Amino acid sequence: MKGQTRRRLSEWVATLPSFVWLLLLFLLPTLLVFAVTFRPADPYGGIGSGWTLASLLTLVNAHYPAIIWRTIWLSLVATTLCILLATPMGYYMARINPARRRLVLLLVILPFWTSFLVRIFAWKVLLHPEGFIKHLLMFLGLAGQDTSLLYTTQAVLLVMVYTELPFAILPIYAAAEKFDFRLIEAAQDLGATSLKAFVSTFLPGIRVGLMTAFLMVFIPSLGSYVIPDIVGGPTSEMIGNKIAQRTFVDRNLPNAAALSAVLALAVLVPMIAILTLRRKESPRDVLIEEGV
Amino acid sequence: MSEILEFVDVSKHYGAIKAVDHVSLSVKQGEFFSLLGPSGCGKTTLLRILAGFEQPDTGRVILGGQDVTDLPPYERKVNTIFQSYALFPHLSLWENIAFGLKVAKRPKKEIKEEVDKMLALIQMEDQAWKKPDQISGGQKQRVAIARALINKPRVLLLDEPLAALDLKLRQRMLIELDLFHDEVGITFLYVTHDQGEAMSLSDRIAVMSHGSIEQLGTPAEIYEAPRTSFVAAFIGDTNFFDGIVAGPLQKHSPFGGTRPVPVDKEYSRLIIGDLPDLECYNDKQIKEGERIFLSVRPEKLRISREPPKTAPHLNVIEGTVEDVIYLGAQTKYWVKVGAYRISVIQQHSRFLLDEIPIKWQEHVWLSWHADDGFMLEKYDEQDENLILTPPEEVGETMEDVPIAVAASEEEYRGDSAAEVPVS
Amino acid sequence: MKHSRLPAIVTWLVMGFFYLPILVLVANSFNSSRYGGQWESTSLKWYIRLMGERDIWQALRNTLAVAVSATLASMVLGTSAAFALHRFVGSRLQKLHYGLIYMPLVIPEILMGLSLQLFFVSLNVELSLVTIGIAHVTFCLSFVTMTVLARLQDFDFSIVEAAQDLGAGWWTSLWRILIPMLAPGILAGGLLAFTLSIDDFVISFFVAGLGSTTLPIKIYSMIKYGSPPLINALSTILLTVTFVCVLGSHYLSNKGQKAA
């Protein structure tokens, strides 16, 4: 059929540019990460020819399990803290009047538009031994001259929460806005306490938002590199730091690729889990309707 | 009159769903032709195939003698009024109307003249520079019509153009549409699920169900002589009787059995369960012993407390009144006769206040002329549900239709049953 | 019924948490002390020194060149992608296409950075501003697509059909109808892409070559090895520019909504 062909043609014309771009510059490079893992390094910092398991074997490094474990639990704690803070915020933002809601929304989005590095740097200044917080804590007698705030795991966690929090607030707010708050009243009417009503109606009502928030915070956290690099110390290194170190300091790309492959697999697990869960929640409607 | 438009054996399916199933029909020059049916019956798909937005799997579309099946929408001399009107929101009304001529690169002076003429036709000269979101629904509709008509299409396609309007406005636009059609003399192909709209506007109607045409004819033909249970039930109200053809009439007449009735080949006796035998017009020459369904419209039935005077070809049955619904211009009765619950509509042509109305539980006689019962060529039990279903829900709830309260049914069906044109 | 005050308290505490570091940073940029533990005196000396840093100005020029070209390219690619995804929803090709668009949004930046470096190194492409630009298009494309796609959800496609019905070919429908109507969405996507491109450090760092320092790369090396007060001053300027831009676009879009 001529019209059918025309439709196929226009689909391909509209799809091809972005499809080919991402195929060549996203999918192929990502697969390359796995391939380069099995390549030897050449002495000039490039990729040699032939195949080897050398890089894969470097993963059996005594330091790595600790670093991988730290990466996962730091990301989990940061994600949990973000969701714990974002849930009451989403609830509050969905209930206030539209004018105030616009203001809060703007205030949440504004940091997102400002430079990522500047926001991390601001914390470096605050946490610095000569900085504002240290002076404040010393004045209150909560910290001594030797207490170090910067270059600690706690500092990394704090800044991770600071930078990722908007990504938890926005999906949770989006879900809360669609929530029917009369359900909470109905639950209370049936005898539930405020907390019980909140847990049994509101949380299930925004579960899609919670899942999205989890993905939006947890996955980028796993790949954190700049935050531990700037405010963390040797005891708070994450996989990202090791990848950067292999790439820029040792100039051993296959080793960096091996680590990245591990990170990629670590990212895939929660992503696939959540996506399947979400697909079950809302199966795509079939668009076979006359005149659609 | 010549044929302007022809569908030849057109089919279209989406996956396993047959949206249009081997449809052939032709529309005459200047005609107001309607495709009528519940949602999902394929009428909109057929319209979109003509406009060029959908491609048929099989069959051809002939427009003005030319095969347009493979032409893109912008090369077809048809224009569409969309259900949502689809006015361009970023253009003024003037620019909306001028769009077709501008695209065709017509001279500026001609465009201006034509647009002004159209604005005058729809009486909106003073609002030419407004944007579509600044005018009302009825005005949008008029702009959509002007925008389509300015291209002088061979056929104007209207896809449920009144569905987005409220009842009052719908009635006014109905009259306007009729006037436009008379004025411009273009062929209209009108798609609707509303039988009232189709009845009052159309020269001819094609009733569609499940992708095929159930019946094609003038509004009166379709209403008065439905060929299938679907048509009978979808358009107006009806009663179905399930019986077996028992040959021409001789002595088993429903008039008491004493008077001999002359044998008449045109009429057949019908044995119907626990009812007395009925007589009906057998123009379809259905043979003896065959099972057949009979459709009788409620307003064709007479209801009375006394037995009616006997007359040739008059069917009479006795029953008990189960429900009475007074509707102002008419009264609707539900009468229990054997296993049947028969609806009867009585016009109040001479309703007298001192007359004692027929009441619940009364014993009554129902009668109708044999010519008013129609033997159906096709019967589907599902169709009985249509009688009680609002037209906009037909097709969505075909499986399990709740038994609607008779009174609420009147809201959407009563007026159309009463205002059927006899032209 | 009594409402818990906890959600309100959490919200406003978080707001304090969000803005306290930024306020301290801005204040410190006017403090002549190096670390701002104490207030020595109010001065503009860091700003004056900043003016003399020629590297920073070069880095800014690089950043803008990359951002403008990456934004334009991703607007074109992203709009066409969003159109395809919306119009041909359900086809097998579009399911794959959607997966390709979606993945870059969730994958950690460092993975994308390293994989692109491996790609360019394997092909012996010299790392430069061009490779940074190509990398930026790759991630901006997904953001533009999603923004435009969101606008398309409530777009009435019968309007495009109406244009074709009135004789407009696909080119005319595209330029006269589709693009003007989608302009707000495309611009919003472009604005997002521009901001992301200007701000990107991780990916740029992995695909940057000698002499292709962008502003974030410059800021990073200043944070690691440079003088904090200078960064305070630079950050304050950047913050002011973004705040003015965001508030301005917010005001404009609100006004636009009211007018409509």
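Readers should treat all values here as calculations from the given coordinates under stated rules, not as data from a laboratory. Just so we're clear, the structure is a prediction, and the values are computed from it rather than from any experiment. For neighbour counting, all protein chains shown are included, and Cβ atoms are generated from backbone atoms with ideal geometry for every residue, glycine included.
Residues B:L46, C:L105, A:L165 in ascending order of nearby Cβ atoms (within 10 Å, fewest first): C:L105, A:L165, B:L46. Given R0 = 22 Å, the distance between the Cβ atoms of B:A329 and B:E221 translates into a calculated FRET efficiency of 0.35.
Bridging of B:K287 to lysines at a Cα separation below 30 Å is possible for B:K251, B:K265, B:K300, B:K336, B:K378, once same-chain residues fewer than 8 apart are set aside.
What's the exposure ranking of C:T240, B:T228, B:T187, B:T218, going from fewest to most Cβ atoms within 10 Å?
C:T240, B:T218, B:T228, B:T187
With R₀ set to 60 Å, the beta-carbon distance separating B:I17 from C:I237 gives a calculated FRET efficiency near 0.45.
Dividing the alpha-carbon radius of gyration of chain C by 2.2 N^0.38 Å (N being the number of residues), what value is obtained? The partial results should precede the final answer.
On the way: Rg = 22.6 Å, N = 260, 2.2 N^0.38 = 18.2 Å.
Taking N as the residue count of chain C, the ratio is 1.24.
How would the range C:155-260 be classified by its alpha-carbon gyration tensor: rounded, prolate or oblate, with rounded meaning a/c under 1.5 and the a/b versus b/c comparison settling the rest?
Numbers: a/c = 5.58, a/b = 2.15, b/c = 2.60.
Verdict is oblate for the range C:155-260.
Expressed as a fraction of 2.2 N^0.38 Å, the C-alpha radius of gyration for the range A:91-208 is 1.46. Remark: for residue pairs B:K108/B:K168; B:K131/B:K168; B:K12/B:K108; B:K108/B:K131, the C-alpha separation exceeds 30 Å in B:K108/B:K168; B:K12/B:K108. Computed over all pairs of different Cα atoms, the Kirkwood value for the hydrodynamic radius of the protein assembly as shown is 34.2 Å. One chain, two ends: B:D70 and B:I286. Fully extended at 0.36 nm per residue, the span grows by 73.4 nm beyond their Cα-Cα distance.
Taking θ as phi - 60° and the Karplus parameters 6.51, -1.76 and 1.60, the scalar couplings of the range A:203-214 work out to 4, x, x, 10, 4, 5, x, 5, 5, 4, 4, 4 Hz in sequence order, x denoting glycine and proline. Pull out a ≥ b ≥ c, the square roots of the eigenvalues of the alpha-carbon gyration tensor of the range C:1-141, then state rounded if a/c is under 1.5, prolate if not and a/b is larger than b/c, and oblate in the remaining case. Note, shape of the range C:1-141 comes out oblate. Computing FRET efficiency as 1/(1 + (r/R0)^6) for A:L16 and C:Y251, where r is the C-beta to C-beta distance and R0 is 41 Å, gives about 0.60. With respect to chain C, whose longest principal axis is taken over its alpha-carbon atoms, helix C:109-122 is tilted by about 80°. Out of all Cα-Cα pairs in the range A:1-121, roughly what percent, to the nearest whole number, are more than 19 Å apart? In whole percent, the long-distance tail amounts to 77.
Under 18 Å from a label point set 7 Å out along the Cα-to-Cβ vector of C:I48, the amide N atoms of the range C:226-242 belong to C:229-234. Close amide-amide hydrogen proximity is noted between B:G30 and B:T187, each under 5 Å apart and 5 or more residues distant or on a separate chain (H modeled in the peptide plane; Pro and chain starts excluded). Simple spin-label estimate for B:A339 and B:I271 gives 1.4 nm between the two label positions (7 Å along the Cα-to-Cβ direction from each Cα).
For the residues A:S18, C:S173, what sequence is obtained by ranking on other C-beta atoms within 10 Å, fewest first?
On the way: A:S18 27, C:S173 21.
Ranking A:S18, C:S173 by Cβ neighbours within 10 Å, fewest first, gives C:S173, A:S18.
Inter-chain neighbour count for B:301-313: the average number of beta-carbon atoms from partner chains within 10 Å of each residue's beta-carbon is 0. Between C:A65 and A:T80, the simple spin-label model (points 7 angstrom out along Cα→Cβ) gives 4.9 nm.
Cross-linked pairs B:K43/B:K77; B:K43/B:K152; B:K77/C:K95; B:K77/B:K140; B:K284/B:K359: Cα-Cα separations exceed 28 Å for B:K77/C:K95; B:K284/B:K359.
Every helix of 4 or more DSSP H residues in chain B counts as -39500 (n - 2.57), and over all residues that averages to -7000 deg cm²/dmol at 222 nm. Computed from label points 7 Å out along Cα-Cβ, the spacing between C:L20 and C:K95 is 5.0 nm. Straight-line cross-link partners of A:K134 among the lysines, defined as a Cα under 27 Å from its Cα and at least 8 positions apart when in the same chain: A:K124, C:K45, C:K224. Overall form of the range A:71-129: oblate. Here a/c, set by the Cα gyration tensor axes a ≥ b ≥ c, is 1.5 or more, and a/b is not larger than b/c. For chain A, the calculated P(r) over all alpha carbon pairs, in 5 Å bins from 0 to the bin holding the longest distance, is 1, 5, 8, 10, 12, 13, 13, 12, 10, 7, 5, 3, 1, 1, 0, 0, 0 percent.
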